[in-house]
Amino acid sequence: MKKIAVLVSGGGTNLQALIDAQSRGEIVNGKISVVISSVPEVYALERAQKAGIPSYVLDRKYYPSSQSMTVALLEKLRELSIDVVVMAGFMTIVTKELFEVYNNSVINIHPALIPSFAGPGCYGLHVHEKALAYGVKVSGATVHFVTEECDSGPIILQKAVDVLPDDTPEVLQRRIMEQCEWTLLPQAVSLFCQNRLRVDGRVVRILEP
Ligand code: GRF
């Protein structure tokens, strides 16, 4: 059974999707062992508590640099013998120390079809504002392995939805969450926990069970 750490910084709807998938038995061979937040008192921590999952706060503002924060995070992950790290709305930059230990074992969800609307500055509502301003007719979500370069690691799963003429950033964000993110992230985590993801360079191959 693989031990999963979920990293959060906000509301935690993706964390909730993972918790719900776990309770339906859909995270095969994996267990959410800890929730770690980079921001105190966020609602994601309440979700963890309600589900009986231990949680910790590593408050970014008490660390002098991204590197020192990453080292503290790594220490906690090692102490808990975590196998896979899931970034579910984690808004804090991490440095290479994490990937040296967790190589192809850190998973992130991004609310667009990478490589579109991704990279530095593309987070939260900005992603959807940019997609609408560009006039794309589809957008969606991407689950990918995290590497040192922002939003550039090997893609695990993607799903698209239509962009509709009257969409606002908020409406598009909600559609992408409901129709893409909340199903894709648990699916990808379950595939990882079953050792069904093989990374060949940039390409992730999904192996049959
Ligand atoms: C999601 O849109 C996710 O794709 C992005 O941050 C947002 C987090 O939302 N990385 P929540 O905290 O899971 O509700």
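Computed per residue of the chain from DSSP H runs no shorter than four, each worth -39500 (n - 2.57), the mean residue ellipticity at 222 nm is -9500 deg cm²/dmol.
Of all DSSP-defined beta bridges confined to the stretch 2-206, some 45% are antiparallel rather than parallel. Angle of helix 125-134 to the longest C-alpha principal axis of the chain, folded into 0 to 90 degrees and rounded to 10: 30°. The relative contact order of the chain, computed from alpha carbon pairs under 8 Å that lie at least 6 residues apart in sequence, is 21 percent. Normalised by the number of residues in the stretch 44-139, the average gap of Cα pairs under 8 Å and 6 or more apart makes the relative contact order 19 percent. Cross-link partners for Lys76 among the lysines, with Cα-Cα distance under 27 Å and sequence neighbours closer than 8 places in the same chain left out: Lys2, Lys3, Lys31, Lys50, Lys61, Lys96. What do you get for the angle between helix 182-193 and the principal long axis of the chain? Use alpha-carbon atoms, 0 to 90 degrees, nearest ten. Roughly 40 degrees between the two axes. Once backbone amide H atoms are built at 1.01 Å from N, Val204 has Ile155 as its partners under 5 Å, excluding neighbours fewer than 5 places away on the same chain.
Each of Val8, Leu197, Gly140 was placed along the dipole of the chain (beta-carbon charges, centred on the mean Cα), and the one lying farthest toward the positive end is Leu197.
Taking the number of other C-beta atoms within 10 Å as the exposure measure, put Ser66, Ser38, Ser33 in order starting with the fewest.
Working: Ser66 14, Ser38 22, Ser33 19.
Arranged by neighbour count, lowest to highest, Ser66, Ser38, Ser33 become Ser66, Ser33, Ser38.
Checking the a/c ratio against 1.5 first, then a/b against b/c, what shape does the Cα gyration tensor give for the stretch 2-206? Because its axes are fairly even, with a/c under 1.5, the stretch 2-206 counts as rounded.
Helix 66-79 and the longest principal axis of the Cα set of the chain meet at an angle near 60°. Once you reduce the stretch 43-108 and the stretch 3-26 to the center of their Cα atoms, the two points are 14 Å from each other.
When +1 charges are put on Lys and Arg Cβ atoms and -1 charges on Asp and Glu Cβ atoms, the dipole computed for the chain relative to its Cα centre reaches about 400 debye. Ordering Ile156, Ser81, Leu113 by the projection of their Cα atoms onto the charge dipole of the stretch 2-206, which places +1 on the Cβ of Lys and Arg and -1 on the Cβ of Asp and Glu, puts Ser81 at the extreme positive end. Beyond 16 Å, the tail of the calculated P(r) for the stretch 115-209 holds 58 percent of the Cα pairs.
The numbers here are math on the coordinates, done by the rules we state, and not lab data. Note that this is a predicted model, so its numbers are computed, not measured. Methodologically, a virtual Cβ is constructed for each residue, glycine included, from the backbone with ideal geometry; neighbour enumeration extends over all protein chains shown.
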